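The values are calculated or read from the model by the stated rules, or taken from the named source; none is laboratory data. Everything quoted here is computed from the prediction, not taken from an experiment. Please note: Cβ atoms are built from the backbone with ideal geometry, for glycine as well, and neighbour counts cover all protein chains shown. Protein only, heavy atoms only, side chains kept; ligands, DNA and RNA dropped before computing areas. Shrake-Rupley method; radii C 1.70, N 1.55, O 1.52, S 1.80 Å.
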Amino acid sequence: MDARLSAQPASRQKTVVIADDSVVVRGLFARWLGEVGNVRVVAVAGDGETALAHAGRFKPDVMVVDLDMPGIEGAGTMPQILRESPRTSILLAATLNERNTRLALECMTKGAMDLVSKPDSRRGMTVSLDFRSEFLMKFSSVAQSPPRLGALPQEVDVGWPQPGRPTLSPLVSVVPRYLVIGASTGGPRAVAKVLFDIGDGLGELTTLVVQHMPPLFTASFADQIANQIGIPAREPYDGERLNRGTVYIAPGGRHLGIDRRLGHIVASVSDGPPVHFCRPAVDVLFADAARHLGAAAMGLVLTGMGSDGTDGAATLRQAGAAVIAQDEASSTIWGMPGSVVRAQQASTVLALDEIGAAVRSLVGGSAAR
């Protein structure tokens, strides 16, 4: 049982719709949520059409949506559900393969908040305690956070800076040439939004991203970034020389850091132990950036669950680098950025819509198109 859910009073009981074409899976999810004690499953659906109808009728707090269900038409379903019930938080459930990985990433840029990976066998679903724990943990996270809607904008205002908008110039002693980003729940959309808003300024930056994701996701995430933003994005290999104008995504299940070898700044990719239960870990990337780059780096801590990135932010600040934390109102989950703010390790706190444009103004460049 998740303490955050069980602590909720009866008057704040969460309503849930479970949409999955498997009777077994629907039954498992309903039973597990029933055991939490303050969650009420108001309806189940075995196809996309019924799921949309239930969204409009019940307007649940949370919908658990299977990606392999009849009538689910890719990422287009997420906006449809949210039009029927704008305040519903969506947790995806899928067996991970190449198709579902791409589809899930699309869905998370269109409104879905997180994904739980289903085992590829019925026995795995029914007996795996890890699967049950992951499902309840992620459900509790999305249930406590309102959805943050909206896909990437078609265009970005290029009139930056404007009066009243934040400027980062007072925060830095030198213009940073390395951007290190950490994100978790809600991160795929937030990272893509920030990079989109930085626009041509990315050509002046070497960008490294730790996004908490399983292995299959990160390569697809890099492809998605490259397609949406129009710049090279990929998983680096260990020892690869890091270049400006490229976004490097930490491989799922492996730490991404920075090293200096033969006089060059290179990627350090390793299978070291998890840090704060995370691999890749934001703290690893930030600590290496502080050690090898100092004030030439700038850190961004975006939406996510937990506290990964807080220790690394402190190390960056001690090395003279600035750290931006996403604000609570625009975060899907204000865990990671909130932890940085509470530890007083954020140089400034900005809304998601402000971060990319502020960085772009600092390093030069125009908005992405």
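Need pairs with beta-carbon distance below 6 Å; first residue without any contact (Cβ under 8 Å) to a residue 12 or more places away in the chain and within region 311-332, second of a type in the set (Phe, Trp, Tyr); sequence gap 6+ or separate chains.
Sorted first by the residue in region 311-332, then by its partner, the pairs are Glu328/Trp334.
Return yes or no: is Ile81 modelled with pLDDT under 90, part of a loop (DSSP other than H, G, I, E, B) and either buried (at least 18 other Cβ atoms within 10 Å of the Cβ) or under 27 Å from the mean Cα position of the chain (by Cα) (or both)? Please lay out each step first, then the result.
On the way: modelled with pLDDT under 90: yes; part of a loop (DSSP other than H, G, I, E, B): no; either buried (at least 18 other Cβ atoms within 10 Å of the Cβ) or under 27 Å from the mean Cα position of the chain (by Cα) (or both): yes.
Criteria not met by Ile81.
Quick one: which residue in Val323, Val284 is crowded, with 19+ Cβ neighbours inside 10 Å, among the hydrophobic types (A, V, I, L, M, F, W, C) and outside any helix (DSSP H, G or I)?
On the way: Val284 fails: outside any helix (DSSP H, G or I).
Of the residues listed, the single one that is crowded, with 19+ Cβ neighbours inside 10 Å, among the hydrophobic types (A, V, I, L, M, F, W, C) and outside any helix (DSSP H, G or I) is Val323.
Which of the residues that make up region 24-79 are touching a Gly at 6+ places or on another chain (Cβ under 6 Å) and charged (D, E, K, R)?
Matches in region 24-79: Asp47, Glu49.
Restricting region 304-316 to residues that are modelled with pLDDT of 95 or more and open to solvent by less than 10 Å² (accessible area, probe 1.4 Å), which is farthest from Gly182 (Cα to Cα)?
It comes out as Leu316.
Could you grab the pairs with beta carbons closer than 8 Å, sequence gap of 6+ or different chains, first residue in region 264-276 and at pLDDT below 95 and β-branched (Val, Ile, Thr), second one surrounded by 14 or more Cβ atoms within 10 Å (Cβ to Cβ) and not in a loop (DSSP other than H, G, I, E, B)?
Close Cβ pairs satisfying both conditions: Val275/His255; Val275/Asp283; Val275/Val284.
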